[in-house]
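Below is one structure, written out as C-alpha coordinates; the observations come after it.
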Amino acid sequence: DPFSLKAEDWIDDFRGGLKHDIDQSVLNYRYDLYLSRGTVDLHDSRKLTFSLFPWLVVLVLCVAFGFVGASFRTLIVPARAVITIMLTLSFVFGLLVLTYQYGMFSWLGLSQLDNMHSIFWLSPVIAYAVCVGLGLDYDVFLLERIHDFKSQGMSHEDSIVEGLASTGTIISSAGLVMLASFGGLLFSVNPGLSQIGFMLCFAVATDTFVVEPLLVPAFMGLIGEYNWWPSKLAAEKKKEEE
(Lines give C-alpha, C1' and ligand atoms only; values in the text may rest on other atoms or scores of the structure.)
Protein backbone atom coordinates (compact mmCIF):
# COMPACT_ATOMS: atom_id res chain seq x y z
CA ASP A 1 0.00 0.00 0.00
CA PRO A 2 1.74 3.24 -1.10
CA PHE A 3 -0.11 5.19 1.63
CA SER A 4 0.78 2.87 4.52
CA LEU A 5 3.35 3.42 7.25
CA LYS A 6 5.49 0.66 5.73
CA ALA A 7 5.61 2.60 2.46
CA GLU A 8 6.83 5.70 4.30
CA ASP A 9 9.55 3.66 6.01
CA TRP A 10 10.53 2.26 2.61
CA ILE A 11 10.89 5.80 1.19
CA ASP A 12 13.25 6.82 4.00
CA ASP A 13 15.27 3.60 3.66
CA PHE A 14 15.51 3.91 -0.11
CA ARG A 15 16.74 7.48 0.12
CA GLY A 16 19.29 6.42 2.71
CA GLY A 17 20.51 3.74 0.31
CA LEU A 18 20.86 6.24 -2.54
CA LYS A 19 22.94 8.57 -0.39
CA HIS A 20 25.14 5.70 0.76
CA ASP A 21 25.77 4.49 -2.82
CA ILE A 22 26.79 7.97 -3.98
CA ASP A 23 29.11 8.54 -1.05
CA GLN A 24 30.86 5.21 -1.42
CA SER A 25 31.13 4.54 -5.14
CA VAL A 26 30.84 7.85 -7.00
CA LEU A 27 33.50 10.09 -5.54
CA ASN A 28 34.68 11.92 -8.66
CA TYR A 29 31.29 13.22 -9.83
CA ARG A 30 28.91 15.73 -8.36
CA TYR A 31 25.27 14.99 -8.96
CA ASP A 32 22.12 14.30 -6.91
CA LEU A 33 19.48 11.61 -7.10
CA TYR A 34 15.89 12.35 -6.09
CA LEU A 35 12.95 10.15 -5.25
CA SER A 36 9.83 12.24 -5.77
CA ARG A 37 6.29 12.57 -7.10
CA GLY A 38 3.12 10.84 -5.98
CA THR A 39 3.21 9.31 -2.52
CA VAL A 40 6.75 10.59 -1.95
CA ASP A 41 5.64 14.24 -2.17
CA LEU A 42 2.82 13.52 0.29
CA HIS A 43 5.31 11.86 2.61
CA ASP A 44 7.61 14.89 2.45
CA SER A 45 4.72 17.29 3.07
CA ARG A 46 3.62 15.35 6.13
CA LYS A 47 7.13 15.25 7.62
CA LEU A 48 7.68 18.96 7.01
CA THR A 49 4.28 19.85 8.49
CA PHE A 50 4.84 17.77 11.63
CA SER A 51 8.30 19.25 12.09
CA LEU A 52 6.78 22.76 12.08
CA PHE A 53 3.56 21.95 13.94
CA PRO A 54 5.09 22.20 17.47
CA TRP A 55 6.29 25.69 16.59
CA LEU A 56 2.78 26.57 15.41
CA VAL A 57 1.36 25.37 18.73
CA VAL A 58 3.79 27.52 20.71
CA LEU A 59 3.35 30.55 18.43
CA VAL A 60 -0.46 30.52 18.56
CA LEU A 61 -0.53 30.15 22.36
CA CYS A 62 2.04 32.94 22.76
CA VAL A 63 -0.02 35.22 20.51
CA ALA A 64 -3.14 34.40 22.55
CA PHE A 65 -1.27 35.13 25.78
CA GLY A 66 0.07 38.41 24.45
CA PHE A 67 -3.29 39.53 23.05
CA VAL A 68 -5.21 38.90 26.28
CA GLY A 69 -2.42 40.27 28.45
CA ALA A 70 -2.15 43.49 26.46
CA SER A 71 -5.92 43.95 26.40
CA PHE A 72 -6.45 43.62 30.16
CA ARG A 73 -3.01 44.73 31.41
CA THR A 74 -2.52 41.57 33.44
CA LEU A 75 -0.43 38.41 33.44
CA ILE A 76 -2.69 36.07 35.39
CA VAL A 77 -5.77 36.23 33.16
CA PRO A 78 -3.92 35.31 29.93
CA ALA A 79 -2.14 32.45 31.73
CA ARG A 80 -5.54 31.13 32.85
CA ALA A 81 -6.89 31.58 29.30
CA VAL A 82 -4.04 29.49 27.85
CA ILE A 83 -4.65 26.76 30.43
CA THR A 84 -8.38 26.51 29.69
CA ILE A 85 -7.72 26.51 25.94
CA MET A 86 -5.24 23.67 26.40
CA LEU A 87 -7.81 21.75 28.45
CA THR A 88 -10.32 22.07 25.60
CA LEU A 89 -7.74 20.96 23.03
CA SER A 90 -6.69 17.98 25.16
CA PHE A 91 -10.29 16.83 25.44
CA VAL A 92 -11.02 17.30 21.73
CA PHE A 93 -7.84 15.60 20.50
CA GLY A 94 -8.30 12.72 22.93
CA LEU A 95 -11.90 12.25 21.82
CA LEU A 96 -10.73 12.31 18.20
CA VAL A 97 -8.41 9.37 18.85
CA LEU A 98 -11.04 7.43 20.80
CA THR A 99 -13.55 7.93 18.00
CA TYR A 100 -11.56 7.29 14.83
CA GLN A 101 -8.93 4.87 16.12
CA TYR A 102 -10.85 2.96 18.77
CA GLY A 103 -14.45 3.21 17.53
CA MET A 104 -16.00 4.95 20.53
CA PHE A 105 -19.12 5.95 18.54
CA SER A 106 -19.27 3.01 16.13
CA TRP A 107 -22.42 1.79 17.86
CA LEU A 108 -24.28 4.77 16.35
CA GLY A 109 -24.00 3.24 12.88
CA LEU A 110 -22.90 6.51 11.25
CA SER A 111 -20.10 6.21 8.71
CA GLN A 112 -18.77 9.65 9.67
CA LEU A 113 -18.23 8.47 13.27
CA ASP A 114 -17.16 4.93 12.49
CA ASN A 115 -13.81 3.43 13.43
CA MET A 116 -11.47 4.40 10.58
CA HIS A 117 -8.39 2.96 12.36
CA SER A 118 -6.52 6.14 11.48
CA ILE A 119 -6.66 9.93 11.50
CA PHE A 120 -6.00 12.06 8.45
CA TRP A 121 -2.66 13.68 9.23
CA LEU A 122 -3.72 17.19 8.21
CA SER A 123 -6.97 17.31 10.23
CA PRO A 124 -5.47 18.18 13.65
CA VAL A 125 -3.18 20.77 12.06
CA ILE A 126 -6.06 22.57 10.35
CA ALA A 127 -8.41 22.37 13.33
CA TYR A 128 -5.88 23.44 15.97
CA ALA A 129 -5.68 27.16 15.18
CA VAL A 130 -9.44 27.37 14.58
CA CYS A 131 -10.18 25.74 17.95
CA VAL A 132 -7.86 28.17 19.72
CA GLY A 133 -9.50 31.10 17.97
CA LEU A 134 -12.98 29.98 18.93
CA GLY A 135 -12.02 29.47 22.57
CA LEU A 136 -10.25 32.81 22.76
CA ASP A 137 -13.18 34.62 21.16
CA TYR A 138 -15.71 33.49 23.76
CA ASP A 139 -13.20 33.95 26.57
CA VAL A 140 -12.41 37.55 25.68
CA PHE A 141 -16.11 38.34 25.32
CA LEU A 142 -16.79 37.10 28.86
CA LEU A 143 -13.66 38.72 30.29
CA GLU A 144 -14.56 42.09 28.80
CA ARG A 145 -17.87 42.19 30.65
CA ILE A 146 -16.31 41.03 33.92
CA HIS A 147 -13.63 43.68 33.55
CA ASP A 148 -16.24 46.38 32.88
CA PHE A 149 -18.23 45.53 36.01
CA LYS A 150 -15.06 45.34 38.07
CA SER A 151 -13.98 48.77 36.78
CA GLN A 152 -17.36 50.18 37.89
CA GLY A 153 -16.53 49.31 41.49
CA MET A 154 -18.22 45.94 41.92
CA SER A 155 -16.62 43.30 44.09
CA HIS A 156 -14.66 40.57 42.38
CA GLU A 157 -17.33 37.91 42.97
CA ASP A 158 -20.21 40.16 41.89
CA SER A 159 -18.41 41.19 38.69
CA ILE A 160 -17.96 37.53 37.73
CA VAL A 161 -21.61 36.75 38.40
CA GLU A 162 -22.89 39.79 36.50
CA GLY A 163 -20.45 39.23 33.63
CA LEU A 164 -21.57 35.64 33.21
CA ALA A 165 -25.24 36.58 33.50
CA SER A 166 -24.96 39.26 30.81
CA THR A 167 -23.00 37.14 28.31
CA GLY A 168 -24.08 33.57 29.02
CA THR A 169 -27.11 33.60 26.72
CA ILE A 170 -25.20 35.25 23.88
CA ILE A 171 -22.29 32.80 24.17
CA SER A 172 -24.66 29.81 24.23
CA SER A 173 -26.58 31.10 21.21
CA ALA A 174 -23.37 31.76 19.28
CA GLY A 175 -22.17 28.28 20.16
CA LEU A 176 -25.34 26.68 18.81
CA VAL A 177 -24.96 28.64 15.56
CA MET A 178 -21.36 27.45 15.20
CA LEU A 179 -22.40 23.87 15.94
CA ALA A 180 -24.96 24.03 13.15
CA SER A 181 -22.33 25.45 10.78
CA PHE A 182 -19.62 22.91 11.59
CA GLY A 183 -22.15 20.08 11.59
CA GLY A 184 -22.08 20.20 7.79
CA LEU A 185 -18.37 19.35 7.87
CA LEU A 186 -18.92 16.61 10.44
CA PHE A 187 -21.34 14.76 8.17
CA SER A 188 -19.22 15.15 5.05
CA VAL A 189 -18.49 12.00 3.03
CA ASN A 190 -14.82 13.02 2.95
CA PRO A 191 -13.10 11.43 5.99
CA GLY A 192 -10.64 14.30 6.42
CA LEU A 193 -13.36 16.95 6.41
CA SER A 194 -15.49 14.82 8.72
CA GLN A 195 -12.68 14.64 11.27
CA ILE A 196 -12.08 18.39 11.08
CA GLY A 197 -15.80 19.00 11.62
CA PHE A 198 -15.75 16.58 14.55
CA MET A 199 -12.99 18.51 16.30
CA LEU A 200 -14.59 21.89 15.65
CA CYS A 201 -18.02 20.77 16.86
CA PHE A 202 -16.74 19.30 20.11
CA ALA A 203 -14.41 22.24 20.69
CA VAL A 204 -17.32 24.66 20.38
CA ALA A 205 -19.57 22.50 22.57
CA THR A 206 -16.92 22.10 25.26
CA ASP A 207 -16.00 25.76 25.29
CA THR A 208 -19.58 27.02 25.17
CA PHE A 209 -21.22 24.74 27.73
CA VAL A 210 -18.33 23.73 30.04
CA VAL A 211 -15.32 26.05 29.91
CA GLU A 212 -16.95 29.50 29.79
CA PRO A 213 -19.93 28.99 32.10
CA LEU A 214 -18.15 26.70 34.61
CA LEU A 215 -14.35 26.57 34.49
CA VAL A 216 -13.57 30.21 33.78
CA PRO A 217 -15.76 31.62 36.61
CA ALA A 218 -14.48 28.91 38.97
CA PHE A 219 -10.83 29.67 38.21
CA MET A 220 -11.34 33.41 38.48
CA GLY A 221 -13.25 33.02 41.73
CA LEU A 222 -10.48 30.91 43.27
CA ILE A 223 -7.69 33.26 42.20
CA GLY A 224 -9.59 36.31 43.43
CA GLU A 225 -8.13 39.78 43.02
CA TYR A 226 -4.87 38.34 41.74
CA ASN A 227 -6.60 37.89 38.37
CA TRP A 228 -5.86 41.52 37.58
CA TRP A 229 -2.24 41.66 38.77
CA PRO A 230 -0.35 43.88 38.01
CA SER A 231 -3.07 46.14 36.57
CA LYS A 232 -4.65 49.13 38.32
CA LEU A 233 -7.64 47.04 39.45
CA ALA A 234 -5.41 44.90 41.63
CA ALA A 235 -3.57 47.97 42.91
CA GLU A 236 -6.85 49.67 43.86
CA LYS A 237 -7.93 46.64 45.85
CA LYS A 238 -4.61 46.59 47.67
CA LYS A 239 -5.05 50.26 48.64
CA GLU A 240 -8.57 49.57 49.97
CA GLU A 241 -7.24 46.74 52.15
CA GLU A 242 -4.52 48.99 53.54
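The values are calculated or read from the model by the stated rules, or taken from the named source; none is laboratory data. This is a predicted model, so every value here is computed, not measured. With ideal geometry, Cβ positions are generated from the backbone for all residues, glycine too; neighbour counts draw on all protein chains shown. Each accessible area value is taken on the protein alone, full model and side chains, heavy atoms only, with ligands, DNA and RNA left out. Shrake-Rupley method; radii C 1.70, N 1.55, O 1.52, S 1.80 Å.
Annotation: extensible slack from Ser106 through Asp13 equals 29.8 nm (criterion: 0.36 nm per residue apart, minus Cα-Cα distance). Distance between the modelled labels on Ser151 and His117, one decimal in nanometres: 5.8 nm (7 Å Cα→Cβ projection).
Asp44 sits among other residues whose Cβ lies under 13 Å from its own Cβ, and their net charge, with Lys and Arg +1 and Asp and Glu -1, is +1. Put simply, the Cα atoms of the chain extend 82, 51, 23 Å along their principal axes, the longest span coming first. Taking only protein heavy atoms and a 1.4 Å probe, the accessible area of region 122-214 is 70% carbon and sulfur. Heavy-atom accessible surface of region 85-140, averaged per residue, reaches 48 Å², computed with a 1.4 Å probe.
Most mobile of Phe149, Phe14, Phe67 per a Gaussian network model of the chain (Cα springs, under 10 Å)? It is Phe14.
If the chain linking Phe67 and Leu48 were pulled fully straight, counting 0.36 nm for each residue of separation and taking away their Cα-Cα distance, it would gain 4.0 nm. Charges were assigned to the Cβ only: +1 to each Lys and Arg, -1 to each Asp and Glu. The resulting dipole of the chain about its Cα centre is roughly 260 debye.
Here is how the number arises for the chain: DSSP H runs of 4 or more residues each give -39500 (n - 2.57), the sum is divided by the residue count, and the result at 222 nm is -25000 deg cm²/dmol.
Within the shell of other residues whose beta carbon sits under 13 angstrom from the beta carbon of Leu142, the net charge comes to -4, with Lys and Arg scored +1 and Asp and Glu -1. Relative to the longest principal axis of the Cα atoms of the chain, the long axis of helix 123-151 makes an angle of roughly 10 degrees.
Can you tell which of Leu110, Leu185, Leu200 shows the greatest fluctuation in a Gaussian network model of the chain with Cα springs below 10 Å? Top of the fluctuation ranking is Leu110. Compute the angle between helix 232-241 and the longest alpha-carbon principal axis of the chain, please, reported from 0 to 90 degrees and rounded to the nearest 10. So the helix axis and the longest Cα principal axis differ by about 40 degrees.
Helix 191-206 and the long axis of the chain differ in direction by around 20°, with both axes built from C-alpha atoms.
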